[in-house]
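Heads up: the structure comes next, in structure tokens.
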Amino acid sequence: MQDRYVADVGDFGKYGLLRVLCNTTGHESGPRLRLGVVWYLFDSKEERKRKPGDGRKTDYAKQSNKDRFRPRDEELYDVLVDILRRKARSVVTIRKSNMLGRDAAFHDSLLTFGETESDARKEARTKWLHGAQSKTENCDVVFLDPDNGLEPKSVRPWGKNGPKYVYFDEVRPYLRRNQSVVIYHHLGRNKPGNRQIRDRLEQLDTRLALREQPFALWYHAGSPRVFFVLPSRTHRVLLWRAKTRLKQNWGSLFDLYP
């Protein structure tokens with residue numbers, strides 16, 4: 001996650017999804033789940049190459065697109081458009097907006113290594129992870145929000161680009177606490193998106209020995225991205241009902257797998 005992406009069309013889908021899963025608005029019947037957000041906050045200054053258009057996917061906020069996007073979540077839409085208008089794009093602004101619930105917990109410390117040695121990087125990441133686990137201890141649902149997504153084969157956690165990924169070992173502590181977990185993942189171009197999603201779901205189930213069936217929600221606005229939901233036994237029914245509501249309210253913007 002980087003501050004320069006805040007309030008783009010991806011954020012609209014991301015936070016809209018979380019608000020539905022946790023029943024943040026309280027508009028639906030049933031309990032509200034307390035959310036914990038772990039931003040794998042990457043320092044934009046460390047990016048050597050900036051892709052054209054990065055952080056600029058904000059056309060959803062234009063008047064011509066308002067009728068398509070605002071009805072999905074009017075309150076969220078208005079908050080994000082206001083952030084764009086004020087040029088206040090940062091995770092701090094998101095945290096202070098209370099759009100994810102007044103009791104939501106956040107871990108927004110930078111996860112960055114700079115030019116430190118390998119051992120120091122391992123120690124820094126371990127300390128950062130302990131901070132994330134501490135901040136979200138009393139939450140029902142924990143959202144892990146890296147820049148790129150789930151661990152690849154080629155990048156180590158303490159490598160230069162390691163802060164851009166969530167590693168399987170970092171998910172286990174939340175599952176052991178009987179928390180549900182939502183993971184952001186950016187789809188690649190190596191094979192069709194639905195196949196990538198299927199492979200990752202199988203990988204999550206196998207590597208983490210999940211007790212409940214995971215599911216995924218593919219967001220179709222902006223860059224291709226998916227959200228993997230790992231329900232705890234306690235929240236399984238609530239989250240499966242919520243995904244049905246999401247599909248009803250957001251229509252073609254989200255696809256459900258399986």
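The values are calculated or read from the model by the stated rules, or taken from the named source; none is laboratory data. The model shown is predicted, which means the values in this text are computed figures rather than measured ones. Every residue, glycine among them, receives a Cβ derived from its backbone with ideal geometry; neighbour counts consider all protein chains shown.
Things worth noting here:
- Region 139-159 - residue that is assigned to a loop (DSSP other than H, G, I, E, B) and hydrophobic (A, V, I, L, M, F, W, C) and, of those, nearest to His186 (Cα to Cα): Val155
- Asp103 vs. criteria of a type in the set (D, E, K, R) and assigned to a helix (DSSP H, G or I): no
- Residue that is surrounded by the fewest Cβ atoms within 10 Å (Cβ to Cβ) [pool: residues in region 82-105 that are in contact with a Ser or Thr (Cβ under 9 Å, 6 or more places away or on another chain), touching a residue at least 40 places away in the same chain (Cβ under 8 Å) and not small (Gly, Ala, Ser)]: Leu84
- Set side by side, the residues Leu239, Leu201 differ, and just one is closer than 30 Å to Ala61 by Cβ, part of a helix (DSSP H, G or I) and either of a type in the set (Val, Ile, Thr) or at pLDDT 90 or above (or both), which is Leu239.
- Any hit, region 179-186, residues being surrounded by fewer than 20 Cβ atoms within 10 Å (Cβ to Cβ) and not in a strand (DSSP E or B): no
- Meets criteria (of a type in the set (A, V, I, L, M), on the phi > 0 side of the Ramachandran plot and over 13 Å from the mean Cα position of the chain (by Cα)) for Ala242: no
- Flag for Arg34 being charged (D, E, K, R) and touching a Ser or Thr at 6+ places or on another chain (Cβ under 7 Å): no
- When region 156-169 is limited to residues that are of a type in the set (A, V, I, L, M, F, W, C) and within 20 Å of the chain's Cα centre (by Cα), the one that is surrounded by the fewest Cβ atoms within 10 Å (Cβ to Cβ) turns out to be Phe168.
- Set Ala120, Ala105: member being under 30 Å from Pro31 (Cβ atoms) and of a type outside the set (Ser, Thr, Tyr): Ala105
- Checking each residue in region 242-258 for being under 20 Å from Tyr60 (Cα atoms) and either in contact with a strand residue (DSSP E or B) (Cβ under 8 Å, 6 or more places away or on another chain) or not in a helix (DSSP H, G or I) (or both) picks out Leu246, Lys247, Leu253, Phe254, Asp255.
- Taken over region 106-125, residues that are among the hydroxyl-bearing types (Ser, Thr, Tyr), more than 19 Å from the chain's Cα centre (by Cα) and either closer than 19 Å to Phe143 by Cβ or in a loop (DSSP other than H, G, I, E, B) (or both) amount to 1.
- As a summary of the residue check, Arg172 satisfies the conditions (1) at negative phi; (2) crowded, with 17+ Cβ neighbours inside 10 Å; (3) touching a residue at least 24 places away in the same chain (Cβ under 8 Å) except for the one numbered (2).
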